[in-house]
Every structure is written in C-alpha cells, then in structure tokens.
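These notes concern the structure reproduced below.
What follows is calculated from the coordinates using simple rules that are stated; it is not laboratory data. Source: prediction; values computed, not measured. Don't worry about glycine lacking a Cβ; one is built from the backbone with ideal geometry, like all the others, and counts go over all protein chains shown.
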Amino acid sequence: MKILGIETSCDDTCAAVLIDDKVISNVISSQTDLHKDWGGVVPDIAKRAHAARIKSVIATALMRAKSKIQNSKIKNKEERIEKIIEHGMKEIDVIAVTKGPGLAIALSVGVNTAKEMAKKYNKKLVAVNHIEGHILSNLVKNSSGLPEVKIVFPALCLTASGGHTKIILINQNYQNSKLKIQNSKNEYLVVGETLDDAAGEALDKAAKLLGLGYPGGPVIERLAKGAKTDFIPLPKPLADKKILDYSFSGLKTSFYYKIKDWPKEEVNKNLGNLAATFQESVFETLLRKFDLAIDRFQPKTLMASGGVLANMDLRKKLRRLAKKKGLMIYMPVKKWLNTDNAAMIGRVGWEMAKREEWADPETLDRDPRMELGIRN
Ligand code: KG4
Ligand code: ZN
C-alpha cells in the first residue's frame, strides 16, 4: 500500500510517502526562523506559512518518491506544483492526515488540503491522531526495512514534546481483528500526563526567560553540556508516589523567581549552569514518574518518543533506567523522527487503512483537543 502522510499540527509543514511501514520520501519544512523571535509558536504565522508551503512540500515528497517523474517544464510555479502532484497521486492509495491534537488553524491547513486532494484524485482518506503518530514513530522503517523493532505487549511509552507529555500503556486487541496480528489494533491507556505545561514547553519557556530564543530544547541541551546540574535548588513537582501525572509550570515559575532579580551579567555568566539545572529538573521529573509507572504496570517493552527525545542526555538516562529494570527500550534513532514529521502519520495511516477506518472527505474536521485512547 502506498500512503501519502500530511502533518501540520504545529510549526513544521510535513509530507511523506510510505510503502506500508517503509518511508520512501520525507519532507519537513521547518518554520523555526519565523517563530524564534517570539519565544514560541505564533498560531497565525504558522497557519500562513503552512498554507504557503503545503502544496510544494507535498509535491516534493511525491516527486522524491517517484523513480522517474518527469520534471515538468511548466514555468508557472503553482501550475508546476499541481502537475507534479497530479502525476505523483496516480500511485498513491491512501492519504493520511493529522486530525489533532494541535493548533486549530494550523491543523485546518493539512486537513483541508487532504480533503481537497482525496476528492480531486478519488483517494481513500484516514484521520490520524498526532500522539499516536509519535508513539508509532518507533515503528517507522527506512526503505530497506530497517530497523527491526519487536514490541512485546503490554508496552509502556513515554512521549514528550512541546505540546504533550504522556505515559501510555499499550496493549494489542486481537479480538476485533479478522486477521489477528496483521490487522490488530493498539489499545491505549493514558496512565499519566501533564496537568499544565508539556516538558518541551517548559524547556522552551525557560529558554525564553534566559533570552535564548525558540525552540528552547536544543539550545538548552547545547549550553548544559558539562555544566553544573544543581546550581540552584528547584522543586520536585507532584512528589506523591501514587500520582503518575506531571506538572511543569511550578518548575518554570520557581526558576523565574529564583533568577528574576539577578543582574543580566550574572545570568549570562551562568547560562550553562542555569540551563543544565533546569534541564536536569525536567528530566528527573520525566524519569521519576516513568519509573513508578513501570513498577505499577509491569510492561514487557519500553518505548519513548516526541521532540524532547532528540536530547542525548535524556536518551542516556532512559537507557540506564531500562537497563535497571531489565527491559528493552525503543526510541526513534533519527532526530527528525523524534520531532514532528509526516512519516509517523503515514505509519499510523497504514494500520488504519488495513482496518478500513476511512474518514469522509466531505465532513472530516480537525480536532485540536483530540484524545488518544482512554484515561486510567
Ligand atoms: O514533537 P515536536 O517536534 O512538536 C510537538 O508535537 O510539540 O516537539 C517539539 C519540542 C519543543 O518544545 C523543543 O524544544 C523540544 O521538542 N526539543 C528538544 C530537543 N529538540 C527539540 N528538547 C530537548 N532537547 C532537544 N535536543
Ligand atoms: Zn508532535
């Protein structure tokens, strides 16, 4: 099955072509430069950039996926893009688009484009949950079919990005499927989640306080290397061992009050130590609740994903935790598979298409607050 994935839930305009679970082409047009001076994503700027870029991102993904596409000689850019899409769509079976959660006006660009294309080229359409995309990003393979990932259920996944932070227990339901394993459906139980800011959002806000721009995670990671991780005392949010939920906003507020009266030179002189201390607090919190959830739910495999997992220090800490528990942990190996991309959306779309969970191209609407599975 050939799938076109489309993702516009935040600030990356993405399209990918997959054959089943293998990525054939993947295009990500990042808007970081447009948002960085604002210290976060500005929805209206994101929407306009998505709208301006989506067709050319899709055309590029389709063109790269096709072995012998004719590079059209048409001069007008819009016409040329339409021609490439028309040509490339001949080989596509299914369009998979992010329905939510995410920024409403940003999601609309992807959803409307997918609906328009499904009707115009008479293609099947599936509506994908962005968080399920992040979870299954661990199962996306390259064109040679690698890496081989063997998930033993139940699996426990920590997914942490700029928009969400959740611990999810994943089981497979064989009863509802005719073809057992091939068409099995994952069941998601959210056992912990953030009650306020997401982990990535906390890093972004701390970076903004330190005057480091957006996105904060990568700059903080760079500055934190080799610096002191206990430079100032910060609270341990929701220390109660019975609670598996997260809270990051208190951490950020405490950080703000600790440094708000410092002279600018003092902050600048200690940027590395401040970044490392804040990052350590966020990661310690992420790990502490994940550790508790592992003990409580006794999973057979661990998974982690989402933009924050691009961080090498967090990956190392998670690997250490998995080793301590005697469990295998999977994390996307490619940096771009951790942050937003359309390959993960296509990967979920493939499973939905096998189960024939079609969306109606006439009525499909984005769902900015779309839930995944059920809350424990
Ligand atoms: O998954 P993602 O691309 O978008 C959302 O769904 O939100 O995640 C973006 C988030 C941002 O908050 C960004 O600061 C964080 O992931 N991030 C990182 C790193 N790279 C991106 N956080 C820590 N270390 C990184 N290297
Ligand atoms: Zn995301």
| request: Take every Cα pair under 8 Å in the chain that's 6+ residues apart, average their separations, divide by the length, and report that relative contact order as a whole percent. | output: 25
| field | Karplus-derived HN-Hα couplings along region 347-352 (A = 6.51, B = -1.76, C = 1.60, θ = phi - 60°), whole Hz, x at Gly and Pro | value | 5, 5, x, 4, 5, 5
| remark: Amide H neighbours of Ile24 at under 5 Å, excluding residues fewer than 5 places away on the same chain, with H built from the backbone geometry, are Val17, Leu18, Ile19
| query | Put a dot 7 Å past each Cα toward the Cβ at Met1 and Ala52; how far apart are the dots in nm? | reply | 3.6
| said: So for region 118-273, averaging the separation of alpha carbon pairs under 8 Å that are six or more residues apart and normalising by length, what relative contact order in percent results? | reply: 17
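Using square roots of five times the C-alpha gyration tensor eigenvalues, list the equivalent-ellipsoid semi-axes of the chain in whole Å, biggest first. Don't skip to the answer; put the middle values down first.
On the way: eigenvalues 254, 134, 57 Å².
Values for the chain, descending: 36, 26, 17 Å.
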| message | Just to confirm my numbers, what's the Cα centroid distance between region 234-298 and region 6-33 in Å? | response | 31
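Can you give the calculated 222 nm mean residue ellipticity of the chain, where each DSSP H run of n ≥ 4 adds -39,500 (n - 2.57) and the sum is split over every residue, rounded to the nearest 500 deg cm²/dmol? Walk me through the intermediate numbers first.
Numbers: 13 runs with 158 residues, N = 376.
For the chain, the value works out to -13000 deg cm²/dmol.
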| task | Quick one: which residues, 5 or more positions from Asp197 or on another chain, have an amide H under 5 Å from its amide H? H modelled 1.01 Å from N in the peptide plane, none for Pro or chain starts. | result | Phe248, Ser249
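How big is the charge dipole of region 150-332 about its Cα centre, in debye rounded to the nearest 20, if each Lys and Arg gets +1 on its Cβ and each Asp and Glu gets -1 on its Cβ?
On the way: 30 positive and 18 negative charges, 166 e Å.
With only Lys, Arg, Asp and Glu charged at Cβ, the dipole is about 800 debye.
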| message | Classify region 1-144 from the C-alpha gyration tensor, please: rounded if a/c falls under 1.5, else prolate or oblate depending on whether a/b exceeds b/c. | response | oblate
| request: Using amide H atoms built 1.01 Å from N in the peptide plane, name the residues 5+ places from Met328, or on other chains, whose amide H lies under 5 Å from its own. | output: Leu302
| request: Could you go through region 84-99 in sequence order and give the Karplus-derived ³J(HN,Hα) for each residue, using 6.51 cos²θ - 1.76 cosθ + 1.60 with θ = phi - 60°, rounded to whole Hz, and x for Gly and Pro? | output: 5, 4, 4, 5, x, 5, 4, 8, 8, 9, 9, 9, 10, 10, 6, 8
| message | Counting other beta carbons within 10 Å of each residue's own, what order do Lys150, Lys185 fall into, fewest first? | response | Lys150, Lys185
| Ranked by Cβ crowding within 10 angstrom, fewest neighbours first, how are Glu7, Glu132 ordered? | Glu132, Glu7
| task | Could you run the Karplus curve 6.51 cos²θ - 1.76 cosθ + 1.60 with θ = phi - 60° over region 44-57 and give me ³J(HN,Hα) per residue in whole Hz, x for Gly and Pro? | result | 5, 5, 4, 4, 5, 5, 4, 4, 6, 9, 4, 5, 6, 5
| query | If the chain between Leu34 and Asp230 were fully stretched, how many nm would it gain, using 0.36 nm times the residue separation less the Cα-Cα distance? | reply | 67.2 nm
| query | Using the per-residue mean of other Cβ atoms lying within 10 Å as a proxy for protection, in what order, highest first, do the peptides 224-230, 202-208, 44-50 fall? | reply | 202-208, 44-50, 224-230
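Treating only the Cβ of Lys, Arg, Asp and Glu as charged (+1, +1, -1, -1), what charge dipole size does the chain show about its Cα centre? Round to the nearest 20 debye. Please list the in-between numbers first.
On the way: 61 positive and 44 negative charges, 226 e Å.
Computed charge dipole of the chain: roughly 1080 debye.
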